[in-house]
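Values quoted throughout were computed directly from the atomic coordinates according to the rules given, and no laboratory measurement underlies them. All values derive from a computational prediction rather than experimental measurement. FYI the Cβ positions are ideal-geometry reconstructions off the backbone, even for glycines, and counts take in every protein chain you see.
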């Protein structure tokens with residue numbers, strides 16, 4: 001059966017999402033460990049700042065073992081996570097994955113980054129060897145559906161994202177963009193999108209800090225910014241009016257003491273901070289400093305809601321597309337159930353053909369006329385192929401099992417007795 005378990009921004013606060021997240025470098029070993037569980041045949045893991053989800057092809061009685069493994073892997077007890085976990089079996093999993101990939105289940109409705117993250121989940125599982133034919137086919141179908149939704153609806157038409165919401169909120173607080181300096185920590189997709197929005201707003205100065213200097217310089221060159229390494233952050237903090245951070249660091253990169261010193265140097269001029277990362281990049285104690293306005297991903301919900309109205313009609317169209325595509329994939333799944341029967345039917349027919357063909361060739365070798373042999377071949381083959389179905393139909397009719405008769409009429413496109 002298909003089965004998914006997970007947590008997201010709707011069911012779990014940021015601290016629990018942090019504890020249940022998987023870093024990219026953990027994916028290979030985690031996926032293999034998951035597939036080593038009894039009853040788990042295929043697995044993929046999606047882990048972002050807003051969700052952690054396990055997608056599996058597994059036996060129906062393996063669901064509790066999956067929850068136990070997720071808790072154990074992160075040093076938690078199942079009782080700690082069961083209240084925040086959701087589970088979607090079979091068709092519900094297919095629909096859920098489609099909604100996730102199209103951004104319908106995101107904090108920001110229709111945000112496009114999740115599709116790339118879903119593709120990352122696929123590639124991690126493919127590399128780890130934990131994808132089989134079923135999950136592989138499902139992922140490919142989901143990518144096709146996501147493309148169709150993006151093409152056929154305006155779900156991604158408005159510039160709404162966590163990055164956009166952070167910039168929008170900063171604008172509401174400061175207003176005069178040319179007079180402000182922004183410090184962006186990280187150089188991933190979210191920070192790149194944030195830099196783009198700030199650049200378009202006409203930010204006065206922009207500093208990009210990253211662990212890898214080359215990537216920081218590459219991004220800085222795109223947006224007339226200044227690149228620094230993470231150790232240089234304290235020296236530039238006092239210049240920053242706006243700080244937006246999104247790294248993959250397992251520990252905070254911006255700590256309380258440097259911020260306190262920067263505020264003193266700024267003579268307590270306000271600092272606006274948005275911590276988009278999971279785990280968090282900015283120590284929680286920083287929020288207690290006067291003149292610091294620190295927001296996390298969860299705090300952006302109200303800001304984001306103001307930018308959602310134009311996407312809701314498109315979301316309804318997307319849901320309708322998904323309804324159709326879930327049905328299509330379930331049809332493909334059901335067709336897989338018939339494969340063994342089709343193979344057996346073909347094998348039986350081919351065996352019968354070969355037996356009759358051998359007898360026909362023997363008759364030709366004995367000098368029988370070709371026309372006589374052809375008539376023997378067609379007559380004998382026809383009788384052998386319909387003998388068992390005919391006997392089964394007579395038995396079904398005798399026992400009053402009309403459903404079998406109707407099934408054969410439908411299978412062979414035969415007229416019914418009423419026609």
Relative contact order, percent, the chain [alpha-carbon distance under 8 Å, six or more residues apart]: 13 percent
GNM top mover of 192, 77, 200 - the chain, alpha-carbon springs below 10 Å: 200
Segments 105-115, 55-65, 384-394 sorted - mean Cβ within 10 Å per residue, highest first: 105-115, 55-65, 384-394
Length released on extending from residue 268 to residue 370, taking residue separation times 0.36 nm less the Cα-Cα span: 26.2 nm
Average Cα contact separation per residue, the range 199-309, under 8 Å, 6 or more apart, as relative contact order %: 20 percent
Beta bridges by DSSP in the chain, antiparallel share as percent, to the nearest 5: 45 percent
Gaussian network model of the chain, Cα within-10 Å springs - most flexible of 357, 134, 330: 357
Order of 285, 214 - criterion: other Cβ atoms within 10 Å of each residue's Cβ, fewest first: 214, 285
Taking 14, 408 and counting other C-beta atoms within 10 Å, the order from fewest to most: 408, 14
Computed label-point distance, nm, for sites residue 385 and residue 416 using a 7 Å Cα→Cβ extension: 2.6 nm
Length-normalised contact order for the range 2-157 - Cα pairs under 8 Å, 6+ apart - percent: 29 percent
On Cα atoms only, tilt of 133-152 relative to the major axis of the chain in degrees: 60 degrees
Global form of the chain, assessed from the alpha-carbon gyration tensor, a/c cut-off 1.5: prolate
Length added when fully stretched, residue 224-residue 312, from 0.36 nm per residue minus Cα-Cα: 28.1 nm
Shape of the range 162-305, Cα gyration tensor, a/c cut at 1.5: rounded
Cα gyration tensor shape of the range 220-268, rounded if a/c is under 1.5, else prolate or oblate by comparing a/b with b/c: oblate
C-alpha long axis of helix 339-365 to longest principal axis of the chain, angle in °: 30 degrees
C-alpha long axis of helix 162-174 to longest principal axis of the chain, angle in °: 20 degrees
